[in-house]
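To keep things clear, I will list the structure first and then write my remarks on it.
The values are calculated or read from the model by the stated rules, or taken from the named source; none is laboratory data. In this text the structure is predicted, and so the values were computed from the model without any measurement. In this analysis, Cβ positions are derived from the backbone assuming ideal geometry, glycine residues included, and neighbour counts consider all displayed protein chains. Heads up: the accessible areas ignore ligands, DNA and RNA and are worked out on the full protein's heavy atoms, side chains in. Shrake-Rupley method; radii C 1.70, N 1.55, O 1.52, S 1.80 Å.
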Amino acid sequence: MNDILKALDAVLEQRKQAAPDSSYVSGLYHKGLNKILEKVGEETTEMLIAAKDAERSGQMDDLIYETADVWFHTLVALHQMGLSSDDVLKELARRFDLSGLVEKANRSK
C-alpha cells in the first residue's frame with residue numbers, strides 16, 4: 001500500500017508544476033488552498049453521508065469510494081502545504097504504541 005501512496009505523492013508533486021488546464025489537480029493547485037480545502041470539506045460531507053447510508057443498507061461501495069476521495073483531496077492539501085503522505089505516516093507510526101488516551105492528554109499540555 002505504501003507504494004500506492006508514494007506513486008500518488010509523485011504524481012501530485014508533478015501536477016504542481018503543470019499548467020492549470022492540463023489536469024484536475026493542477027487546476028486545484030492553481031486555485032489555491034481555499035479551493036482545495038473546500039473540496040476536502042465537500043468530500044468529507046459525502047463520505048459521512050455514505051457512512052450513514054452504509055450503516056442502514058450494509059452496502060459499503062459508496063463509503064469506500066467517498067473515503068478515497070477524502071484521502072485524495074487531503075493529500076492534495078498536504079502537497080499544497082509542502083507535505084506528503086510520508087509526513088502523516090510518520091506521525092501515525094509515532095502514535096502506534098501510544099494509548100489514545102495518553103496521546104490526547106499530551107496534546108492538552
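Quick notes on this structure:
- Positions within region 34-54 being exposed (fewer than 13 other Cβ atoms within 10 Å of the Cβ) and either within 20 Å of residue 83 (Cα to Cα) or modelled with pLDDT under 95 (or both), in sequence order: 34, 41
- Close pairs (6 angstrom Cβ cut-off, 6 or more residues apart or separate chains): assigned to a loop (DSSP other than H, G, I, E, B) in region 22-40, surrounded by 15 or more Cβ atoms within 10 Å (Cβ to Cβ) and of a type in the set (Phe, Trp, Tyr) anywhere: none
- So residue 18, is it open to solvent by less than 80 Å² (accessible area, probe 1.4 Å), among the hydrophobic types (A, V, I, L, M, F, W, C) and in contact with a Phe, Trp or Tyr (Cβ under 9 Å, 6 or more places away or on another chain): yes
- Of all residues in region 55-71, those being open to solvent by 50 Å² or more (accessible area, probe 1.4 Å) and part of a helix (DSSP H, G or I) number 9.
- If you filter region 72-107 down to residues that are of a type in the set (Asp, Glu) and exposed (fewer than 11 other Cβ atoms within 10 Å of the Cβ), you find that the one that is farthest from the chain's Cα centre (by Cα) is 97.
- Residues of region 24-33 that turn out to be open to solvent by 70 Å² or more (accessible area, probe 1.4 Å) and on the phi > 0 side of the Ramachandran plot, as a count: 0
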